[in-house]
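Report on the structure given below.
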Amino acid sequence: MCLSFWSVENFLDPDNVKNVSEAKEEGSSHLSVSGVYFTCPLTGAILRKDQRDAHIKEAINKHSDKDPVAASIMKIHTFNRDREKVKLGVDTIAKYLDNIHLHPEEEKYRKIKLQNRVFQERINCLEGANEFFEAIGFEKMTLPIPEQETSEEYYVLNEDALAQVKKLEEHKVTLQSSEPVRAQLARQRRIFQPSPLAAQFDLPGDFFNLTAEELKREQKLRADTVERLSVLRTKAMREKEEQREMRKYTYTLLRVRFPDGHILQGTFYARERLSALYSFVREALLNDWLPFELLPAGGHKLLDENLAFNECGLVPSALLTFTWDTGVLEDIRASGAEQSPAILKPELLATVENLA
């Protein structure tokens, strides 16, 4: 399913509620964007939301053949969801490696009893941990218990790894400083010709943090908006309701209209900061060093780039207006220089489309 929206400013205006269209089937040619997609940082593949985890897991597993140490570290940080357990396990592994690095001549530090309670509770429970030990030079060995007729299983550092003990320190630092491998939100950058449809958005269902049943009810709720807004409410009540509305959205589709009418479009997380949009726009500019402003409907300035999109009403979609910083323009004119009329990079303009 998808929902059709005008810019969020229009949506909050009761006079424009009648312009909200009926839900459309996803895959419609009228969608502003076909869906939410992600990029795998390891392979560069473009993925749907439901493909992310399986693809990244497969990519990490395949990386084991190329670099088993790096792959095992990625597994530890990516395949284990409990971050506290990961930190505890990583810190414990680091302690083992510190002991070897600081006391390479002491044999006791080169052996790790696998049935040790600390090892079992903190390390063995982590996917990828055993692969890490084996990749950096530990080998599983069954050793006799002194003065007993039984034996126990150990990880024992082999001689080749011991001869390169500084490498263990490097592996430890990499293990401690690594982060989970996560698919990155694809901006799906597009550039459109000037169009009177710039403020109208048709969004697919995965832009909303709602269940399928909630999406079906969404249209009815919006149909009741005019009646609800006609009831006298305090400012605090309205703000509370607006905040509750904003939390429904996981992503937002943003458009920026330039002075020449061209429209730049990109997909963002609803909780990303305004600074992400400014960076996105700057990458498209021919003169990316010149300061500029982005103005939502109403023309008020967005003064704090640390605000999230859902904190300033720019969800689930919004149209903003690009303008050069007036102070800089005045300085250019005062110097007698002429500003180039070109705004966007030629390679971007080469991909321009019509906004359907």
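The values are calculated or read from the model by the stated rules, or taken from the named source; none is laboratory data. Remember, predicted model here, so these are calculated numbers, not experimental data. Cβ sites come from the backbone with ideal geometry, for glycine too, and all protein chains shown count toward neighbours. All accessible areas refer to the heavy atoms of the entire protein, side chains included, with ligands and DNA or RNA removed. Shrake-Rupley method; radii C 1.70, N 1.55, O 1.52, S 1.80 Å.
Considering the stretch 171-210 alone, what residues qualify as being among the polar types (S, T, N, Q) and open to solvent by 70 Å² or more (accessible area, probe 1.4 Å)?
Gln176, Ser177, Gln184, Asn209 - these are the residues of the stretch 171-210 that are among the polar types (S, T, N, Q) and open to solvent by 70 Å² or more (accessible area, probe 1.4 Å).
Filter the stretch 315-331 down to residues that are modelled with pLDDT under 90 and outside any helix (DSSP H, G or I) and give me whichever is least open to solvent (accessible area, probe 1.4 Å).
So the residue we want is Trp324.
Select from the stretch 251-285 the residues that are free of Cβ contacts under 8 Å to residues at least 60 places away in the same chain and either acidic (Asp, Glu) or open to solvent by 10 Å² or more (accessible area, probe 1.4 Å) (or both) and list them in ascending order.
Matches in the stretch 251-285: Arg271, Glu272, Arg273, Ser275, Ala276, Tyr278, Ser279, Arg282, Glu283.
Can you find a residue in the stretch 337-348 that is surrounded by 18 or more Cβ atoms within 10 Å (Cβ to Cβ) and free of Cβ contacts under 8 Å to residues at least 60 places away in the same chain?
no
Show the residue pairs that are 6+ apart or on different chains and have beta-carbon atoms under 8 Å apart, the first residue being within the stretch 307-325 and of a type in the set (Gly, Ala, Ser), the second being at pLDDT below 90 and open to solvent by 10 Å² or more (accessible area, probe 1.4 Å).
Partner pairs satisfying both residue conditions: Gly313/Glu9; Gly313/Leu12; Gly313/Glu242; Gly313/Met246; Ala318/Glu9; Ala318/Ala297.
Considering only residues that are under 21 Å from the mean Cα position of the chain (by Cα) and open to solvent by less than 30 Å² (accessible area, probe 1.4 Å), look in the stretch 46-73 and name the one that is nearest to Arg117 (Cα to Cα).
Applying the filter and picking the extreme gives Ile73.
With the requirement that a residue be free of Cβ contacts under 8 Å to residues at least 24 places away in the same chain, open to solvent by 90 Å² or more (accessible area, probe 1.4 Å) and closer than 24 Å to Asp91 by Cβ, what does the stretch 135-163 give you?
none
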